[in-house]
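The values are calculated or read from the model by the stated rules, or taken from the named source; none is laboratory data. Nothing here was measured: the structure is a model prediction, and the numbers come from that model. Quick reminder, even Gly has a Cβ in these numbers, built from the backbone with ideal geometry, and neighbours come from all protein chains shown.
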């Protein structure tokens, strides 16, 4: 499992770590206009850097606004290239509901646990 960095003041509730080719971005609390840019920017930075795939752990997100959906859509475009999904999501019930209503579940694979998502991300790189 990747070692997580501490959240910084510009992206409160967001921590990141990289293990091999897979990055893990964990978000806790609410995702709205105040912090969705941090989610988008940190995820894009990881995909532009050392990581070939990104796991978004949104299992502790209690509110997920449309700006969060826009951030995920942006990250999906950062992760495209070989046709394999590069962004994998572990979603709380609130996030899952938002992604299902907007049909984002057809674009981003959802997983029940971080371990499952990391495994699928690694498999997509093979």
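Just a yes or no: is a residue in the stretch 80-91 modelled with pLDDT under 95 and in a helix (DSSP H, G or I)?
no
So the check is Cβ under 7 Å with 6+ separation or different chains; which pairs have a first residue in the stretch 94-113 that's free of Cβ contacts under 8 Å to residues at least 40 places away in the same chain and at negative phi and a second one that's loosely packed, with under 15 Cβ neighbours inside 10 Å and part of a strand (DSSP E or B)?
94/62; 94/63
Counting just the residues of the stretch 11-31 that are touching a helix residue (DSSP H, G or I) at 6+ places or on another chain (Cβ under 6 Å) and surrounded by fewer than 24 Cβ atoms within 10 Å (Cβ to Cβ), which one comes out modelled with the lowest pLDDT?
Among residues in the stretch 11-31 that are touching a helix residue (DSSP H, G or I) at 6+ places or on another chain (Cβ under 6 Å) and surrounded by fewer than 24 Cβ atoms within 10 Å (Cβ to Cβ), the one modelled with the lowest pLDDT is 11.
Among the residues of the stretch 45-70 satisfying the criterion of being under 14 Å from residue 26 (Cα atoms) and part of a helix (DSSP H, G or I), which is modelled with the highest pLDDT?
My answer is 68.
Can we say residue 38 is over 12 Å from the mean Cα position of the chain (by Cα) and either farther than 19 Å from residue 110 by Cα or in a strand (DSSP E or B) (or both)?
Here the answer is no, as residue 38 does not meet what is asked.
Could you run through the stretch 47-67 and say how many residues are out of contact with any helix residue (DSSP H, G or I) (no Cβ under 6 Å at 6 or more places or on another chain) and crowded, with 24+ Cβ neighbours inside 10 Å?
Number of matching residues: 2.
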